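Here is the structure we will look at, set down as structure tokens.
The values are calculated or read from the model by the stated rules, or taken from the named source; none is laboratory data. Being a predicted model, the structure only gives us computed values, none of them experimental. Cβ sites come from the backbone with ideal geometry, for glycine too, and all protein chains shown count toward neighbours. Just so you know, the surface numbers come from the protein's heavy atoms only, side chains and all, with ligands and any DNA or RNA stripped out. Shrake-Rupley method; radii C 1.70, N 1.55, O 1.52, S 1.80 Å.
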Amino acid sequence: MDLKDKLISSFMAFENNVDVENPVHDVRMEAIKNFEEKGFPSKKEEAWKYTSLNSLQKIDFSIFPKEENTIEYKDVKRYFLHEIDTYKIVFIDGIYSSYLSETTHDGVDICLMSAALTKPMYKQVIDVYFNKVASKEESLTTLNTAFSKEGAYIYIPKNKMPKKPIEILHFATGNEAALMLQPRNLIVVEENAEVQIIERHQSLTSNEVLTNSVTEIFAAENGIVDYYKIQNDAPESSLIDNTYINQKGKSVVKVHTFSFGGKLTRNNLNFYQNGEYIDSTMKGVTILGDKQHVDHHSLVHHIEPNCESHQDYKGIYGDGSTGVFNGKIIVDKIAQKTNAFQQNNNILISDKATINTKPQLEIFADDVKCSHGCTIGQLDEDALFYLQSRGIPKKEARALLMYAFANNVLESVRIPELKIRINKLIAEKLGVNLGFDL
């Protein structure tokens, strides 16, 4: 039985453990029909031309964990942003861990999707927002929708801001030989509200893990969302991350993606601007080695006038690693006065490393300021020679140049402790002590 057939047959077992009278039941049924019809995407599809899921489909993944597992905080402390106090929503093998979590209902709701999907007190929000911006056609998104049960539910009412940042952490213990996880997150930020979120998926062993994640984000008028994705997983872990963002007038949403590890990572990041004077920002740093593969697919749809979007992705690829960047900007006919910027810069530090990049613009308005571009190259030999002539060893000189290359993305990180943490991760990936005051 291949993975697709196993998932379809497992759906019936999944339905036996959920409330079929719940309106979400119909949403799930429609979603599994879509996945059954389309199956996993293949390289024949333009959007998946450079990323193959064939090897993952041959693995006998467990669809549900066989038992509830626990882990000690001391064993995973390094994965938390423990330098500051945060709210925490923690899952172990897809199951919520109350022991490691710190949630709240004090003026804001930071809790679980399983509660939001089943309890009447959340029905109004679920009816308005759940599965409203996520794609109904993209097969892996619909697969997640079919199995949607657990994940983070974050609701920030009007004029509110949580007292501290929120961490969403998913741990895989490896107690299963191979495990597939499908977390579903819903984040709603109402008018004049603000939130900061850090998300991480982390395997704790060398067993195979496949995570198919979907996050829906809604930012109402004047809402502010600051979202950080830390992707530095084990070499046997694969992540397919689908994020859909719906913005209203004068809202600001920024998503930073730091991709440093994992076997295969696919990031689908989709912004829909439904209002005027919206600001959308996507920034990312990718540092890969070995045979790692990261594929960034971004979309910004400018639907109304007077909006901005900024994309800046930096990639450093070594050994036999592979990178993909496909960024699309769509400007509708009425979206005049749009200012859209997109840039993808890459450095190959190995003859065996590969990058495939495709920036795209589809502009149907005539009074706009839009630009896109990409570069692929190697380290500047003159700059490297200059640093060496000043007594800096070649290894450290190369690391300094690579750090400077990625630094402008780090400058926009608004949580100081997180910026320090990412600096350390970059130094670790580059294999040197950069000598900065971290």
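Things to note:
- When the charge dipole of segment 379-438 is built from unit charges on Cβ atoms (+1 for Lys and Arg, -1 for Asp and Glu) and taken about the Cα centre, the candidate among ALA404, VAL432, GLY391 whose Cα reaches farthest toward its positive end is VAL432.
- Descending by average beta-carbon neighbour count within 10 Å, the peptides 121-127, 304-310 line up as 304-310, 121-127, the highest first.
- Solvent-accessible area, 1.4 Å probe, carbon plus sulfur percent, for segment 3-274: 48 percent
- Computed on protein heavy atoms with a 1.4 Å probe, the accessible areas place GLU199, GLU276 in the order GLU276, GLU199, largest first.
- Surface composition of segment 379-438: carbon and sulfur atoms hold 51% of the protein heavy-atom accessible area at a 1.4 Å probe.
- Percent of Cα pairs exceeding the 42 Å cut-off, where the set is the chain: 11 percent
- Whole-number accessible area per residue in Å² for the chain, which is evaluated in the context of all protein chains at 1.4 Å: 42 Å²
- Area of GLU221 that stays accessible when all protein chains are in place (1.4 Å probe, Å², to 10): 80 Å²
- Within the chain, DSSP assigns beta bridges of which about 5% are antiparallel (rounded to the nearest 5).
- Per residue, the average separation of C-alpha pairs within less than 8 Å and at least 6 apart gives segment 242-310 a relative contact order of 40 percent.
- Förster radius 56 Å - calculated FRET efficiency between LYS337 and LYS6, Cβ distance, rounded to 0.05: 0.65
- When segment 285-438 is described by a simple charge dipole with +1 on each Lys and Arg Cβ and -1 on each Asp and Glu Cβ, the residue from ILE422, PRO305, ILE334 located farthest towards its positive end is ILE422.
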